[in-house]
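Asks: Before we start, here is the structure in question, set down as structure tokens.
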């Protein structure tokens, strides 16, 4: 965060200065985990379900915090506010307004946000200091938290924007108005709250509506609901994809035996061969969006082509591929799941098989509402259609995946039901062969326990 006195923080947040007889200046970032405080930082004392941050204020100060932002007096130098989330948003807004040389890039989509954010951070860091922290910091807390990592030296701030309903992205753009907006796709993620794909598109499009006439909107030409957002923005529109209508396009897409894509990148009459080092055909679209942003911000075409071949995924448990000493390849995509991302992961598994036996360990996909059963069945049918050899479905709420696979005519694979992660681990381990390829995918219900049980001991997390 840029240096700010407690008086300035109190003014920005509408808070009350406490326990500060002498002037105090915050010079470090905001942190809500007292274990991660750095000297000069500001500790945000949230009240959680399991712990109350106010109880850790003294610990944070001993670790070097300059002050505490809280909803009650902790006895430490700080600012007391009524609503801590609102206060962080207001503070973040003030910081962005003061950073005149900063370019803000916002991105949203039903899947691929975090991965594309990782790519953008790596590309833009070649143009100047960039903030794009690992992980999915895309909600009312994570968004301002990310903004408040920016300093006077930061030139590019990449912000992931999630939404659970109409108006959520608009709220985030009011904290930090984007100069460039990226919409990746519209799918069934969180559709229980959006009700329909049209509702999802309405919410995601709030990002491009927030752009000024000087801004740039990067839209997926291969997704009609995203491409259809073009009339909703005043900004210059760049379409990306494999469609002939795309301004920045991938041609001649191929996959190697590790599921890594190669393609010819075309833009403004230029052509260059890109070979990705990340697995999954869906990474073509993600890297195209990152390329479009970089090109729009002045990166040379040849540098973009070169950089795309070097980018990797820095956030954990997202298409993290590793091979054990016995030759078993594991695809750890266990951080989260929705129908779009699970389908992409299954296709990546199939493309990496190259004659090897495949196992898909699939868990529950949350927040699908009335589409819950049909979406899980659809994933089972897709697994069968792709010829997955062993399907392990974890937990009762994911059982429809099993029904979809076993009901697919002609599928010759094996289907297993595991009541929990421990049972899934036992099933996979009981018949694990050298050179197998194993995918693990699910919605944050500790599906990653299966991955960790398969990791070599020296690589355990």
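The values are calculated or read from the model by the stated rules, or taken from the named source; none is laboratory data. What you are looking at is a predicted structure, and each value in this text was computed from that prediction instead of being measured. A quick note on method: Cβ atoms are made from the backbone with ideal geometry, for glycine too, and the neighbour counts reach across all protein chains shown.
Asks: Taking residue 245, is it assigned to a loop (DSSP other than H, G, I, E, B), out of contact with any strand residue (DSSP E or B) (no Cβ under 7 Å at 6 or more places or on another chain), surrounded by fewer than 20 Cβ atoms within 10 Å (Cβ to Cβ) and in the same structural domain as residue 302 (by TED's automatic domain parsing)?
Replies: Working: assigned to a loop (DSSP other than H, G, I, E, B): yes; out of contact with any strand residue (DSSP E or B) (no Cβ under 7 Å at 6 or more places or on another chain): no; surrounded by fewer than 20 Cβ atoms within 10 Å (Cβ to Cβ): yes; in the same structural domain as residue 302 (by TED's automatic domain parsing): yes.
Spelling it out, it is not the case that residue 245 is assigned to a loop (DSSP other than H, G, I, E, B), out of contact with any strand residue (DSSP E or B) (no Cβ under 7 Å at 6 or more places or on another chain), surrounded by fewer than 20 Cβ atoms within 10 Å (Cβ to Cβ) and in the same structural domain as residue 302 (by TED's automatic domain parsing).
Asks: Got a number for residues in segment 91-114 being surrounded by 24 or more Cβ atoms within 10 Å (Cβ to Cβ), in a loop (DSSP other than H, G, I, E, B) and touching a strand residue (DSSP E or B) at 6+ places or on another chain (Cβ under 8 Å)?
Replies: Result for segment 91-114: 1.
Asks: How about segment 419-433: which of its residues are crowded, with 18+ Cβ neighbours inside 10 Å and touching a residue at least 40 places away in the same chain (Cβ under 8 Å)?
Replies: Within segment 419-433, the subset crowded, with 18+ Cβ neighbours inside 10 Å is 421, 424-425, 427-428.
Passing the criteria: 424, 428.
One line per residue, one yes/no per condition, for (1) in a helix (DSSP H, G or I); (2) assigned by TED's automatic domain parsing to the domain that holds residue 259; (3) free of Cβ contacts under 8 Å to residues at least 12 places away in the same chain; (4) in contact with a strand residue (DSSP E or B) (Cβ under 6 Å, 6 or more places away or on another chain):
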site: 375; (1), (2), (3), (4): yes, no, no, no
site: 381; (1), (2), (3), (4): yes, no, no, no
site: 388; (1), (2), (3), (4): no, no, no, yes
site: 391; (1), (2), (3), (4): no, no, no, yes
site: 397; (1), (2), (3), (4): yes, no, no, no
site: 405; (1), (2), (3), (4): yes, no, no, yes
site: 435; (1), (2), (3), (4): no, no, no, no
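Asks: Under the condition of being part of a strand (DSSP E or B) and in contact with a helix residue (DSSP H, G or I) (Cβ under 7 Å, 6 or more places away or on another chain), which residue from segment 43-77 is farthest from residue 19 (Cα to Cα)?
Replies: 47
Asks: Hey, another quick one. In this structure, is residue 207 modelled with pLDDT of 95 or more, assigned to a helix (DSSP H, G or I), touching a strand residue (DSSP E or B) at 6+ places or on another chain (Cβ under 6 Å) and in the same structural domain as residue 250 (by TED's automatic domain parsing)?
Replies: On the way: modelled with pLDDT of 95 or more: yes; assigned to a helix (DSSP H, G or I): yes; touching a strand residue (DSSP E or B) at 6+ places or on another chain (Cβ under 6 Å): yes; in the same structural domain as residue 250 (by TED's automatic domain parsing): yes.
In short, yes.
Asks: Restricting to segment 115-140, give me the number of residues that are surrounded by fewer than 23 Cβ atoms within 10 Å (Cβ to Cβ) and assigned to a helix (DSSP H, G or I).
Replies: The qualifying residues number 2.
Asks: Also: Suppose we keep only residues that are more than 14 Å from the chain's Cα centre (by Cα) and part of a loop (DSSP other than H, G, I, E, B) within segment 310-349. Which one would you say is surrounded by the fewest Cβ atoms within 10 Å (Cβ to Cβ)?
Replies: In this case the residue turns out to be 325.
Asks: Can you confirm whether residue 170 is touching a strand residue (DSSP E or B) at 6+ places or on another chain (Cβ under 7 Å), surrounded by fewer than 20 Cβ atoms within 10 Å (Cβ to Cβ) and within 20 Å of residue 104 (Cα to Cα)?
Replies: Numbers: touching a strand residue (DSSP E or B) at 6+ places or on another chain (Cβ under 7 Å): no; surrounded by fewer than 20 Cβ atoms within 10 Å (Cβ to Cβ): yes; within 20 Å of residue 104 (Cα to Cα): yes.
No, not satisfied.
Asks: Quick check, is residue 354 at pLDDT below 95, in the same structural domain as residue 405 (by TED's automatic domain parsing) and buried (at least 24 other Cβ atoms within 10 Å of the Cβ)?
Replies: On the way: at pLDDT below 95: yes; in the same structural domain as residue 405 (by TED's automatic domain parsing): yes; buried (at least 24 other Cβ atoms within 10 Å of the Cβ): no.
Answer is no for this residue.
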